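Single-structure report; data block below.
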Amino acid sequence: MSTPSDLDSGIFWSLVRRLAGRFSFVIDAVAMWYAMCDEETPWWARCAIAAALVYFVTPIDLIPDALPGGWVDDAGVVSTALTTVRAWVTERHYAQARRALGVGA
C-alpha cells in the first residue's frame, strides 16, 4: 500500500510544472497532493491519494507516458481516486493548487 511518504515531492512538482496547462487533470492531482498533506484527511484517503499520485509520477505504466495519448491512463487513475476521496479534497485544497499553478480563481 502506498503512503504519503512513498511519494518524492521533487519528482511530483517537476512533473506538475512540465504538464501544467497541458492537461486539465493536473489541477486535480495538485489539489489531491494538498489533501494528502493535510492532517485532517483520514489515513485511508491519504493512502488512496498517494497510490494515485505514485502512478501519476511513474513513467512506466499501462500506457507509457512517452507515447501519444500516454497520459490518458494517468488521468483515469487520478479521476478515479478523486471520485473515491472527493469529500476530503476541499475547496481550500483547490485554492492552494490554483496558487501553486499560478491559475486564477
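Rule-based calculations on the coordinates, nothing more; no lab input. Being a predicted model, the structure only gives us computed values, none of them experimental. Positions of Cβ are generated from backbone atoms using ideal geometry, with glycine treated the same way; all protein chains shown enter the neighbour counts.
The table for this structure:
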| quantity | calculated |
| --- | --- |
| Relative contact order %, the chain, counting alpha carbon pairs below 8 Å whose residues are six or more apart | 35 percent |
| Chain lengthening between Thr84 and Leu101 when straightened (0.36 nm per residue, less Cα-Cα) | 3.7 nm |
| Most to least packed among 10-22, 32-44 [average Cβ atoms within 10 Å] | 32-44, 10-22 |
| Spacing of the two label points (7 Å from each Cα toward its C-beta) at Glu39 and Asp61, in nm | 3.1 nm |
